[in-house]
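Visitor: Can you read through this structure? Questions will come right after.
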Amino acid sequence: MSQFEPKIVAFVCNWCTYAGADLAGTSRTKYAPNVRIIRFPCTGRIDFMLLLKAFQNGADGIIVSGCHPNDCHYTSGNFHARRRWIVFKSLLDFIGFPSDRITFSWVSAAEGTKWADLVNEVTEKVRAMGPFEELKKLDDSLINQLSHEGITK
């Protein structure tokens, strides 16, 4: 029997984390191939309902990563993302959602090795947890209802 290979979705900032991931690639730094990157102009633009949609569509784990504090291309987008993440994580914990499947991290454009280490760490953590099947069973109506009620806004 083959080992479980988790599907991990990374929501990343274009200016820092995406550039750091690119640096890891051009430096030929080896890391797990389990991550699929979705690039945003800034982590401050991420609607956290997208994380639930990613789980619903088959993700086993998620990484949200952007510029370090005080290093945002848009001045304060990463602070906005961090505040929203704290509120969203509190909501997830309140409803019993396993928020440990989501990793929030800062990776700069010069930290290709840090990106590779982060991906490897998250891949191993999620592999140990096993597949995440719970949200695949939900229909769009619940997620749309949460979105319309302004849970993440």
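The values are calculated or read from the model by the stated rules, or taken from the named source; none is laboratory data. Because the structure is a prediction, the values reported are computed rather than measured. Cβ placement follows ideal geometry from the backbone for every residue including glycine, while neighbour counts extend to all protein chains displayed.
Visitor: Taking into account only those residues within segment 59-72 that are surrounded by fewer than 17 Cβ atoms within 10 Å (Cβ to Cβ) and either touching a residue at least 40 places away in the same chain (Cβ under 8 Å) or β-branched (Val, Ile, Thr) (or both), which is nearest to Arg36 (Cα to Cα)?
Guide: Residues of segment 59-72 surrounded by fewer than 17 Cβ atoms within 10 Å (Cβ to Cβ): 68-71.
Narrowing the set further to residues that are either touching a residue at least 40 places away in the same chain (Cβ under 8 Å) or β-branched (Val, Ile, Thr) (or both) leaves 68, 71.
Values: His68: 21, Asp71: 24 Å.
Among residues in segment 59-72 that are surrounded by fewer than 17 Cβ atoms within 10 Å (Cβ to Cβ) and either touching a residue at least 40 places away in the same chain (Cβ under 8 Å) or β-branched (Val, Ile, Thr) (or both), the one nearest to Arg36 (Cα to Cα) is His68.
Visitor: Kindly evaluate Thr75 against the criterion of being out of contact with any strand residue (DSSP E or B) (no Cβ under 6 Å at 6 or more places or on another chain), on the phi > 0 side of the Ramachandran plot and either of a type in the set (Val, Ile, Thr) or crowded, with 16+ Cβ neighbours inside 10 Å (or both).
Guide: Answer is yes for this residue.
Visitor: Same structure, new question: If you take the residues in segment 27-54 that are at pLDDT 95 or above and among the aromatic types (Phe, Trp, Tyr), which one is nearest to Ala81 (Cα to Cα)?
Guide: Phe40
Visitor: So, of the residues in segment 21-60 that are part of a helix (DSSP H, G or I) and among the polar types (S, T, N, Q), which turns out to be nearest to the chain's Cα centre (by Cα)?
Guide: So in segment 21-60, the residues part of a helix (DSSP H, G or I) come out as 21-26, 43-45, 49-56.
Next cut, among the polar types (S, T, N, Q) only: 26, 43, 56.
On the way: Thr26: 22, Thr43: 10, Gln56: 14 Å.
The qualifying residue nearest to the chain's Cα centre (by Cα) is Thr43.
Visitor: Are any residues in segment 116-153 among the acidic types (Asp, Glu) and either modelled with pLDDT under 65 or under 14 Å from Ala10 (Cβ atoms) (or both), and if so, which ones? Please lay out each step first, then the result.
Guide: So in segment 116-153, the residues among the acidic types (Asp, Glu) come out as 117, 121, 124, 133-134, 139-140, 149.
Within segment 116-153, Asp117, Glu121, Asp139, Asp140, Glu149 qualify.
Visitor: Do we have Val107 as at pLDDT 95 or above, within 16 Å of Ala19 (Cα to Cα), within 15 Å of the chain's Cα centre (by Cα) and surrounded by 20 or more Cβ atoms within 10 Å (Cβ to Cβ) here?
Guide: Yes: the conditions hold for Val107.
Visitor: So the check is Cβ under 6 Å with 6+ separation or different chains; which pairs have a first residue in segment 35-58 that's under 24 Å from Ala24 (Cα atoms) and a second one that's small (Gly, Ala, Ser)?
Guide: Note: pairs meeting the criteria are Val35/Ala10; Ile37/Ala10; Cys42/Gly77; Thr43/Gly66; Thr43/Ala81; Gly44/Gly77; Gly44/Ala81.
Visitor: Looking at Tyr18 and the list (1) in a helix (DSSP H, G or I); (2) out of contact with any Lys or Arg (no Cβ under 6 Å at 6 or more places or on another chain); (3) not polar (S, T, N, Q), which single condition is not satisfied?
Guide: For Tyr18, the exception is condition (2).
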